[in-house]
Amino acid sequence: MPQLDPLPLERNQQVDGKERHVNGTNGYANGHANGTTVSHAAHESSAPSPTFLRPIDPTELHDLICVGFGPASLAIAIALQDNLSDPHSRSLSHPPKVHFLERQPGFAWHAGMLLPGAKMQITFIKDLATLRNPRSEFTFINYLHKQGRLVQFTNLGTFLPLRIEYEDYMRWCSRAFEGVVGYGEEVTAVAPEEDQCAKTGRSVKTFRVTSRNVHSGELSSRRARHVVIAVGGKPNIPKPLRQNHPNILHSSQYSTAVPARLRDRDAAYRIGVLGSGQSAAEIFNDLHARYPNSRTKLLIKGAALRPSDDSPLSVLSCLLVVTSKTLADVSIG
């Protein structure tokens, strides 16, 4: 079976001027896949072109503020960029005033679940741009081309990239929008501007978004005509289990918290994995490899593990969503 060639990886990366440690203990980003090593660091020289979206003065009225800068908000940014860069399909007469607020210090996607060999559940065709615009600069195929890995990936004969490589793809895309993203900003309130409503007697026209800097604690606010909430899912520990217990962890913390708490790889730990989806199966498999002497049990509600949904219906549903009206097709102003 074709295999990826080992690629070099910088052990620590810089995010917003601060050192960012890559998950894993072997000097690579979460280790190996099929006996090979996958790089987690995109090359600076291959970064996407700068965006048409420009930094906005906080005191100005924004057309759009997105709370959170994960895959959903990143897809919105890419849709706007594609619209502005294509003179044949442009529906926006000028770059909208857009800003993204993100609590994390830099772009990250499921950092706690970037496990060795873990693959995506869906085809790379359902990336951030392809189904909407196959000619976009932000497709997964173009990312591979820019990294010099298109031939290598093609020879793998799969539509399912490693999760760590897909996260690197999204991080690569996010670099184009660093000027319009406020990292380290936790949104504390989104409220309609009531004074304006009271004066005009009409429906809400603008919102005020308040955020707190996670480092300094300083509060700031911005006004916007439209607000998108895209903060992602919230970790949920089943109610019968004790909340905030040091030995009860959510899967989103796995690759960062478990190695720090279970330091002896040869110890006979007793571990239970609760769940029947892909994440549970991947953690169960990783625990056996990481702690070979442990007694690990997979606890599921049903009779078997749940397979991922890659049926034609799910593909059609995704296609209907991405080809319907997007923010790039709506007049903002």
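The values are calculated or read from the model by the stated rules, or taken from the named source; none is laboratory data. Remember, predicted model here, so these are calculated numbers, not experimental data. Note: ideal-geometry Cβ built from the backbone for every residue, glycine included; neighbour counts use all protein chains shown. The area values use the complete protein model at the heavy-atom level, side chains included, leaving out ligands, DNA and RNA. Shrake-Rupley method; radii C 1.70, N 1.55, O 1.52, S 1.80 Å.
Overview of results
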quantity: Prolate/oblate/rounded call for the range 49-178, Cα gyration tensor, a/c under 1.5 rounded; calculated: oblate
quantity: Filter on Lys119/Lys234; Lys119/Lys297; Lys205/Lys234 - keep pairs with C-alpha separation over 24 Å; calculated: Lys205/Lys234
quantity: Solvent-accessible area per residue, Å², over the range 51-126 with all protein chains present [probe radius 1.4 Å]; calculated: 40 Å²
quantity: Percent accessible area from carbon and sulfur atoms, the range 118-224, protein chains only, probe 1.4 Å; calculated: 51 percent
quantity: GluC sites (Glu not before Pro) within the range 189-282: DSSP coil, no more than 16 neighbouring Cβ in 10 Å; calculated: Glu193, Glu218
quantity: About the Cα centre, charge dipole magnitude for the range 40-173 (Lys/Arg +1, Asp/Glu -1 at Cβ), debye; calculated: 320 debye
quantity: Cα centroid separation, the range 46-68 to the range 214-275 (Å); calculated: 29 Å
